[in-house]
Amino acid sequence: MYVCICKGITEQQIRSSVAQGASTMRDLYRQLEVGSQCGKCVCTARQVLSSSQIECPSYDATAVA
């Protein structure tokens, strides 16, 4: 599913970024430029980020907190 139409960013790309270490929207912005145009994707991108962090076996929530 496309999350950011302006930049053509998919849910899978966000999940891949999380698997590679992205843990905040700022990380996604730097890596994928999510939310850099109209900003309508930010809410959905944040939801995908959160769900990906929960599902990612290598993600350690205590390391971020």
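Where a number appears in this text, it was derived from the coordinates with a stated rule and is not lab data. If you're wondering where the values come from, they're calculated on a predicted model, not measured in any experiment. When we count neighbours, we look across all protein chains shown, and the Cβ atoms used for this are built from the backbone with ideal geometry, even at glycine.
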Checklist entry - Which residues, counting only those in the range 1-36, are of a type in the set (S, T, N, Q), surrounded by 15 or more Cβ atoms within 10 Å (Cβ to Cβ) and assigned to a helix (DSSP H, G or I)? => result Gln13, Ser17, Gln31
Checklist entry - Inside the range 37-55, can you point out the residues that are touching a helix residue (DSSP H, G or I) at 6+ places or on another chain (Cβ under 9 Å) and surrounded by fewer than 16 Cβ atoms within 10 Å (Cβ to Cβ)? => result Ser51, Ile54, Glu55
Checklist entry - Do any residues in the range 1-28 that are in contact (Cβ under 8 Å) with a residue 24 or more places away in the chain and more than 13 Å from Ser52 (Cβ to Cβ) have Cβ atoms under 8 Å from those of residues that are in a loop (DSSP other than H, G, I, E, B) and of a type in the set (S, T, N, Q), where the two are at least six apart or on different chains, and which pairs are they? => result Cys4/Gln37; Cys6/Ser36; Cys6/Gln37; Lys7/Ser36; Lys7/Gln37
